[in-house]
Amino acid sequence: MKRLLASTAVMLALVLPAAAQDYIPDPAAKPGGTITITYKDDVATLDPAIGYDWQNWSMIKSLFDGLMDYVPGTTTLRPGLAESYEISEDGLVYTFKLRPGVKFHNGREMTAEDVKYSLDRVTNPETQSPGAGFFGAIAGFETAGPGGLSGVEVVDPLTVKITLSRPDATFLHVMALNFASVVPKEAVEEAGADFGKKPVGTGAFKLAEWTLGQRLVFEKNADYWRPGVPFLDSIVFEVGQEPVVALLRLQKGEVDVPGDGIPPAKFTEVMGDPAQAARVVVGGQLHTGYITLNVTIPPFDKLEVRKAVNMAINKERITQIINGRAVPANQPLPPSMPGYTEGYAGYPYDPEGAKKLLADAGLAEGFETELYVMNTDPNPRIAQAIQQDLAAIGIKANIQNLAQANVIEAGGAGTAPMIWSGGMAWIADFPDPSNFYGPILGCAGAVEGGWNWSKFCDPALDAKAVEADSMFDPAKSAERLKLWSDIYMGVMEQAPWVPVFNEERYTMKSERMGGEDALYVDPVSIPVNYDYVWVKQ
Amino acid sequence: MAAYLIRRLIQAALILLGVSFVTFLLLYVLPADPVRQIAGRSATAETVENIRQQLGLDKPFFVQYARYLGALLQGDMGRSYLQKTEVAELILSRLPATLLLMLGAIICELILGLTMGIVAALWRGRALDQTLMVTSFVNVSAPQFVVSLLLLYVFAVKLGWFPIGGYGTFAHLVLPAVTLGILGSGWYSRMMRSSMIDVLRADYIRTARAKGLTRARIVLRHALPNAILPVIAMIGIDIGIFMGGIVVVESVFGWPGIGQLAWQAIQRVDIPIIMGVTLVSACAIVLGNLLADLIAPLIDPRIKLR
């Protein structure tokens, strides 16, 4: 190792942002107390290689740690189990120095072997991890199997070297994903398929109780390696609670945070009552709701038609349907995502102009098409608004109201001319603009079963995306974001989507919950960042 | 009797086989891909294919069904696609809650239904009878979702007499049991009423009346025991009626039973759980009906099992 470091004298030592390392938890915070969070559905799994829904994502985050992490309440990367890291000049080799003395919940000390084991495990096809694809840049990913990943090497007990097959500017974000959490081999092997129910990590909390279908209890990890946190003694997750019921219980003081949020039917009532509204924290979300226009199905193969649809949709009115819980969108990226193009106006709402475009395309008489939509409120109502807007320019859209899985199926198969994405819309996995491209707008997603429901594939834009993602050097970050901004502007020129709105997050909490508002709209931990919140009294 | 039992058990096995086949077929033709649900949206095509192969979902329908059935006969209901937990464990951990809720509901519907039926029969044709019968009609037709939310709002939120959903104490059981019981009481009150009216017309009641017995003694000692038996025998069939209601009621009240499990599994296209819950409830219905038929001759010797 020494030899290697010495020979590659041009090693790019990265100075980590000091502010990021020194996140100061709330000085007023008091340790102790128990909070109650409710959910409608039972928790699927707490295995970090498997868990991939908004319910278990933040739970897993509190039980496990990865090499990288985020500054609470922000999208800024900070080191996690890695104390520091170095990136080679060609951007292909990442060397992580691990924090010494970190213990798993079972008392054993975490080492570089565990990091390798965890990455081998998540990329092994037998694990069936939905997140395996995120690690595609690691060398040896294609041949990953029981033998492990050739690109991940243990240098010494506290050093891991990861070699990539191509530069990947998002790699540090990938290492902050739950899928990259470090797990102890012996605990995984002992639990087998039940590891998701018997999780053992290094996180701020450990699982103390799980009564299937009823409740989970997380207990404070007294040996947590970050000093001073967590504040809470324990967290009780009660499952099987309808959102409306959870809200009633919150009003009675029995619940601290309803995990499924404020039910739409109660939203106006809650926000209209100053006492309740004061306990709601509003924040941006890395989310965009959009309509896909399938470019392989006529007449959406004509650019004029796609532009006309973009100009026909009254986005203001659609945000009113969801009680203004969103802001109208004009581009694929949400405003809180780095790379968002400020000052871009998007297509104006202009039904007359839209009619002209249709006439130019030889469709002055309009046409008939189908709009697929997921059948849970408010999506059918939004689809009706879209239907009316389209009718105004002569397009007759028949609504296909289906269960989520069926819409996804039709979208993947490419048989749906138009899809309103509500209920299945894209929420970023990590705060980087590239995450909104590949699977949903790039050629890679435009395959049978892919999530690119427009089947839009522009090789020139794909090439630019590859270029942007190879700009791993943080010094070039601004340049890279500019390139991404250009890519999304290129997408908008070809209009495969109608970006409709960006949802806002509304987290409701009980009076006794403490900690800054940012922790309650944390872009990564939803609904709250459990490690840093605390209770008064 | 033994021959009858054997025949009925064979029938039951055939019914269960049929249910398993139809459910499996419906889930197979469903245009929703469970693999896509497991793989998530960021999965590559290879990941999706790899998961499909590991679960054997790339095989033709009959191979998949034969495999499922083969495992089932060895007592293996498989593992949940998403939770990876054994289906048998998931169902067993939730079964006590559902059984408790059913017991509560049965007690509740008997008390409500029988009282309404008896009173209606005694005041037959009068305003009270008509009011009760309209009520029972409403009880049968009222959507469980509405009834449960209404009860929850009035008795838990406004009056605060009961906890707002959940599981654990007797107080938690009351509202969900009453919700289900109200539905059942509709059937029971009507059956009890007609059964009671039949009995009151019988000769031995006229004799009792001629002997100069008090009205209370005639009703309680002579009419009721005879009128109530055929109604009680219906309990076995109740289980089937409850199965539909349980999905709704358990979801609203946060009752951790198999109805809630089924509802969540359907939303996630978690086929092993859907199959498991369907078969367990089908078993319960078949056994319940069998039990009702076996009890019938004990109550009424005129009924012969053949």
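Pairs only if they're at least six apart or on different chains, beta carbon under 8 angstrom, first in the stretch A:179-192 and closer than 17 Å to A:K103 by Cβ and touching a residue at least 40 places away in the same chain (Cβ under 8 Å), second among the hydrophobic types (A, V, I, L, M, F, W, C) and not in a loop (DSSP other than H, G, I, E, B); list them, first residue then second.
Taking only residues 6 or more apart or on different chains, the pairs are A:S181/A:I60; A:V182/A:V115; A:V183/A:F195; A:A187/A:F195; A:V188/A:F195.
Inspect all residues belonging to the stretch A:312-320 and state whether any of them is farther than 30 Å from A:E209 by Cα, more than 14 Å from chain B (Cβ to nearest Cβ), among the polar types (S, T, N, Q) and without any contact (Cβ under 8 Å) to a residue 12 or more places away in the chain. Show your work before the answer.
In the first step, residues of the stretch A:312-320 are kept if they are farther than 30 Å from A:E209 by Cα; the result is A:312-320.
From what's left, more than 14 Å from chain B (Cβ to nearest Cβ): A:312-320.
If we keep only those that are among the polar types (S, T, N, Q) too, we end up with A:314, A:319-320.
Those left that are additionally without any contact (Cβ under 8 Å) to a residue 12 or more places away in the chain: A:320.
Yes: the stretch A:312-320 contains one or more residues that are farther than 30 Å from A:E209 by Cα, more than 14 Å from chain B (Cβ to nearest Cβ), among the polar types (S, T, N, Q) and without any contact (Cβ under 8 Å) to a residue 12 or more places away in the chain.
Does B:P163 count as more than 30 Å from B:D300 (Cβ to Cβ), outside any helix (DSSP H, G or I) and in contact with a helix residue (DSSP H, G or I) (Cβ under 6 Å, 6 or more places away or on another chain)?
Numbers: more than 30 Å from B:D300 (Cβ to Cβ): yes; outside any helix (DSSP H, G or I): yes; in contact with a helix residue (DSSP H, G or I) (Cβ under 6 Å, 6 or more places away or on another chain): yes.
Yes: the conditions hold for B:P163.
Could you run through the stretch B:106-125 and say how many residues are buried (at least 17 other Cβ atoms within 10 Å of the Cβ) and within 25 Å of the chain's Cα centre (by Cα)?
Matching residues across the stretch B:106-125 total 10.
Scan the stretch B:236-262 for residues that are facing another protein chain (nearest Cβ under 9 Å), among the aromatic types (F, W, Y) and assigned to a helix (DSSP H, G or I) and report the count.
Within the stretch B:236-262, residues that are facing another protein chain (nearest Cβ under 9 Å), among the aromatic types (F, W, Y) and assigned to a helix (DSSP H, G or I) number 1.
State whether the residues of the stretch A:346-355 include one that is over 18 Å from A:I291 (Cα atoms), free of Cβ contacts under 8 Å to residues at least 24 places away in the same chain and not in a loop (DSSP other than H, G, I, E, B). Full working, then the answer.
Applying the first criterion (over 18 Å from A:I291 (Cα atoms)) to the stretch A:346-355 yields A:352-353, A:355.
Checking which are free of Cβ contacts under 8 Å to residues at least 24 places away in the same chain leaves us with A:352.
Pick out the ones that are also not in a loop (DSSP other than H, G, I, E, B) and you get A:352.
The answer is yes, given that some residue of the stretch A:346-355 is over 18 Å from A:I291 (Cα atoms), free of Cβ contacts under 8 Å to residues at least 24 places away in the same chain and not in a loop (DSSP other than H, G, I, E, B).
Just checking, which of A:Q494, A:Q537 is farther than 27 Å from A:I37 by Cβ and not hydrophobic (A, V, I, L, M, F, W, C)?
Working: A:Q537 fails: farther than 27 Å from A:I37 by Cβ.
Of A:Q494, A:Q537, the one residue that is farther than 27 Å from A:I37 by Cβ and not hydrophobic (A, V, I, L, M, F, W, C) is A:Q494.
Pairs only if they're at least six apart or on different chains, beta carbon under 6 angstrom, first in the stretch A:226-254 and facing chain B (nearest Cβ under 10 Å), second assigned to a helix (DSSP H, G or I) and of a type in the set (V, I, T); list them, first residue then second.
Qualifying pairs under 6 Å: A:E242/B:V252; A:L248/B:V157.
With the structure loaded, tell me whether A:K220 is closer than 16 Å to A:R108 by Cα and in contact with a Pro (Cβ under 9 Å, 6 or more places away or on another chain) or whether it fails that test.
Numbers: closer than 16 Å to A:R108 by Cα: no; in contact with a Pro (Cβ under 9 Å, 6 or more places away or on another chain): yes.
Against the criterion (closer than 16 Å to A:R108 by Cα and in contact with a Pro (Cβ under 9 Å, 6 or more places away or on another chain)), A:K220 does not qualify.
Can you tell me which of (1) free of Cβ contacts under 8 Å to residues at least 60 places away in the same chain; (2) within 14 Å of another protein chain (Cβ to nearest Cβ); (3) among the charged types (D, E, K, R) is the one A:K197 doesn't meet?
Failed condition: (1).
Listed here are the residues, each with its yes/no results for (1) buried (at least 24 other Cβ atoms within 10 Å of the Cβ); (2) more than 14 Å from chain B (Cβ to nearest Cβ); (3) touching a residue at least 40 places away in the same chain (Cβ under 8 Å); (4) closer than 22 Å to A:Q55 by Cα.
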{"residue": "A:F135", "(1), (2), (3), (4)": "yes, no, yes, no"}
{"residue": "A:E142", "(1), (2), (3), (4)": "no, no, no, no"}
{"residue": "A:V155", "(1), (2), (3), (4)": "no, yes, yes, no"}
{"residue": "A:M175", "(1), (2), (3), (4)": "yes, yes, yes, yes"}
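Yes/no per residue for (1) within 22 Å of B:A262 (Cβ to Cβ); (2) free of Cβ contacts under 8 Å to residues at least 40 places away in the same chain; (3) more than 11 Å from every other protein chain (Cβ to nearest Cβ); (4) part of a helix (DSSP H, G or I):
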position: B:A32; (1), (2), (3), (4): yes, no, no, no
position: B:R36; (1), (2), (3), (4): yes, yes, no, yes
position: B:A43; (1), (2), (3), (4): no, yes, no, no
position: B:K59; (1), (2), (3), (4): no, yes, yes, no
position: B:Q64; (1), (2), (3), (4): yes, no, yes, yes
position: B:L69; (1), (2), (3), (4): yes, no, yes, yes
position: B:D76; (1), (2), (3), (4): yes, yes, yes, no
position: B:I91; (1), (2), (3), (4): yes, no, no, yes
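Quick one: how many residues across the stretch A:398-431 are buried (at least 20 other Cβ atoms within 10 Å of the Cβ), part of a strand (DSSP E or B) and within 12 Å of chain B (Cβ to nearest Cβ)?
1
Counting only residues that are within 13 Å of A:G449 (Cα to Cα), more than 34 Å from the chain's Cα centre (by Cα) and buried (at least 17 other Cβ atoms within 10 Å of the Cβ), which one in the stretch B:1-51 is modelled with the lowest pLDDT?
B:S42
Being aromatic (F, W, Y) and out of contact with any Ser or Thr (no Cβ under 8 Å at 6 or more places or on another chain) is the requirement here; does A:F231 meet it? Let's see the steps before the verdict.
Values: aromatic (F, W, Y): yes; out of contact with any Ser or Thr (no Cβ under 8 Å at 6 or more places or on another chain): yes.
So A:F231 fits the description; yes.
For the stretch B:263-280, what are the residues that are away from every other protein chain (no Cβ under 13 Å) and either closer than 22 Å to B:Y153 by Cα or surrounded by 23 or more Cβ atoms within 10 Å (Cβ to Cβ) (or both)?
Step one: filter the stretch B:263-280 for residues away from every other protein chain (no Cβ under 13 Å), giving B:275-276, B:278-280.
The answer is B:G276, and nothing else.
For the structure I just gave you, tell me whether B:L128 is within 13 Å of another protein chain (Cβ to nearest Cβ) and either over 20 Å from the mean Cα position of the chain (by Cα) or not in a loop (DSSP other than H, G, I, E, B) (or both).
In short, no.
Taking A:W57 and the conditions (1) modelled with pLDDT of 90 or more; (2) surrounded by fewer than 21 Cβ atoms within 10 Å (Cβ to Cβ); (3) assigned to a loop (DSSP other than H, G, I, E, B), which numbered condition does it fall short on, given that it satisfies the others?
(3)
The values are calculated or read from the model by the stated rules, or taken from the named source; none is laboratory data. Fair warning: this is a prediction, and the values are worked out from it, not measured in the lab. Cβ coordinates were reconstructed from backbone atoms using ideal geometry, including for glycine residues, and neighbour counts include every protein chain displayed.
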